[in-house]
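**Q** There's a structure below that I have some questions on.
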Amino acid sequence: MNTFLKKKLLLAIKNSSSLNELVKRQIPYTQIVDQLMSFYAEGLIDRNDKGFCITEKGSDFLLQNDAFEVIKTLDEYRLEKKLSLDDIYVPNYIKESREGEELV
């Protein structure tokens, strides 16, 4: 689970809100439960009589980590030769006309 989704799960626990947003992102329940157990083992969340609650360490995790992961360049797909405008093909755009409209 990436950092963004971890933060979403911790925020859901902190605010006692639903996990529907994670489910809508097609995160399996098993992955959510595994992450909850991982959070519990790391001390980011704790259990009480109402369920899970976020600890101070969990609050620090929310503040420290960035929500976005750095996108790394993949050198295997990098082109060694610089492209000129003549090397790039752009097809002509043909606008389909609707009834009563003229082509531009």
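Laboratory data are not the source of any read-out in this text; all were calculated from the coordinates shown. Owing to the predicted nature of the structure, the values given are computational and were not obtained by experimental measurement. When we count neighbours, we look across all protein chains shown, and the Cβ atoms used for this are built from the backbone with ideal geometry, even at glycine.
**Q** All other residues with a Cβ under 12 Å from the Cβ of Glu42 taken together, and with Lys, Arg as +1 and Asp, Glu as -1, what is their net charge?
**A** 0
**Q** Regarding segment 3-70, what are the three Cα extents along the principal axes, ordered largest first, in Å?
**A** 30, 25, 20
**Q** Quick one: net charge around Leu19, please, counting Lys, Arg +1 and Asp, Glu -1 for every other residue with C-beta under 11 Å from its C-beta.
**A** Net charge in that neighbourhood comes out at +2.
**Q** Report, in debye and to the nearest 20, how large the dipole of segment 3-70 comes out about its Cα centre when Lys and Arg carry +1 and Asp and Glu carry -1 on their Cβ.
**A** 240
**Q** Same structure again: Looking at this model, which pairs from Lys8/Lys50; Lys7/Lys81; Lys8/Lys72; Lys14/Lys72 are more than 29 angstrom apart at the alpha-carbon?
**A** Pairs exceeding 29 Å: Lys7/Lys81; Lys14/Lys72.
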